């Protein structure tokens, strides 16, 4: 069955839902499609205390509120829908829902991000999961991934999920560095791990952690690494092993233990191996933008490491070189939900204006809100996100100079 609408949004996460709301407020008919049965995206798994807003960030509650607001404005949300093709006319081919082809006048891609895999001996055993899966099991399904869990990877998401599991009653054996290998690269560096503390310092309830974060922010991370010779730092009841790395996962048909080894300040493995008993291992190796549909649509792609890798070329209003194709959220660079919400509002307003509709929010105010959200976010997943955004702005200007964009 074919169907038409003014705006189609792929992705019912925070960016997609807020964009749909803004477009609907402008009087446009909007259809949102998502593979997951329920709207919310990664919001569904987020639950933490945000000291900057002096409150608790409850992603499930926010998802329900956004979905309800969208529904009241007439937005249609199609859950369990897979988009398997994007036409040059921005039409979407769907499966899993009665609508076979969706034909919008404008299209927003808010497809989010995927987790990077990081191989380690034994990583295919049942009981080894990625950090995003652990967060979903813990906060969405209220299922513990194990009785005693080791987290490998010291970054904002891993530290947050480790604390979430701990507060949910899981025995978190600790957070350690990921395996030292050519694949992990700088992820396994103790100095980098300490430096990343500055990206989550606002969430730290521990004085030593905040002090270490200040050292990192002051570019004294080598000193901090030397000081953290032993695993003495605890965050929310969970020990952080800045000088310990996972080297293997063992078990007869399932996870039964993990082998660890000390790491020198320069990142090399030293000393003997030691084994700890665990029945689950959670590996965090970062996120990357999920660009498949943008590539299928024919949107030019650019490599910007500071944004998370390959991303669609886009302008200041989240427009792309393809007429009436817009992008928002983690597809444009890995950031937090607050930034995704602000980008969704910006994209929704840009789409409305592209279709000749007036909006209550000006382009300047929308851009300012994104900048403010970036400043107030308690997480910074990409430490050089500002440089990445500047690089994208330069690439967009180069595209304008070449005349190969339609904005």
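Computed quantities for the displayed model
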{"quantity": "Residue satisfying all of: in segment 20-43; assigned to a helix (DSSP H, G or I) and over 19 Å from the mean Cα position of the chain (by Cα); nearest to residue 293 (Cα to Cα) among these", "calculated": "20"}
{"quantity": "Verdict on residue 176 being modelled with pLDDT of 90 or more, under 22 Å from residue 117 (Cα atoms) and assigned by TED's automatic domain parsing to the domain that holds residue 240", "calculated": "yes"}
{"quantity": "Single unsatisfied condition, residue 106 versus (1) modelled with pLDDT of 95 or more; (2) in a loop (DSSP other than H, G, I, E, B); (3) closer than 20 Å to residue 23 by Cβ", "calculated": "(2)"}
{"quantity": "Conditions (1) within 21 Å of the chain's Cα centre (by Cα); (2) closer than 29 Å to residue 280 by Cα; (3) touching a residue at least 12 places away in the same chain (Cβ under 8 Å): number failed by residue 170", "calculated": "(1)"}
{"quantity": "Residue, farthest from residue 160 (Cα to Cα), within segment 289-319, restricted to residues that are without any contact (Cβ under 8 Å) to a residue 24 or more places away in the chain and out of contact with any helix residue (DSSP H, G or I) (no Cβ under 8 Å at 6 or more places or on another chain)", "calculated": "295"}
{"quantity": "Residues being over 12 Å from residue 385 (Cβ atoms), surrounded by fewer than 24 Cβ atoms within 10 Å (Cβ to Cβ) and within 14 Å of the chain's Cα centre (by Cα) - total across segment 303-336", "calculated": "1"}
{"quantity": "Residue match in segment 236-256 (condition: in a strand (DSSP E or B), in the same structural domain as residue 382 (by TED's automatic domain parsing), touching a residue at least 24 places away in the same chain (Cβ under 8 Å) and touching a helix residue (DSSP H, G or I) at 6+ places or on another chain (Cβ under 8 Å))", "calculated": "no"}
{"quantity": "Matching entry among 56, 64 (being within 26 Å of residue 376 (Cα to Cα), without any contact (Cβ under 8 Å) to a residue 40 or more places away in the chain and not in a helix (DSSP H, G or I))", "calculated": "56"}
{"quantity": "Qualifying positions in segment 347-369 - in a loop (DSSP other than H, G, I, E, B) and in contact with a strand residue (DSSP E or B) (Cβ under 8 Å, 6 or more places away or on another chain)", "calculated": "355"}
{"quantity": "Any hit, segment 284-298, residues being under 18 Å from residue 124 (Cα atoms) and in contact with a strand residue (DSSP E or B) (Cβ under 8 Å, 6 or more places away or on another chain)", "calculated": "yes"}
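The values are calculated or read from the model by the stated rules, or taken from the named source; none is laboratory data. All of these numbers come straight from a predicted model, not from anything done at the bench. A quick note on method: Cβ atoms are made from the backbone with ideal geometry, for glycine too, and the neighbour counts reach across all protein chains shown.
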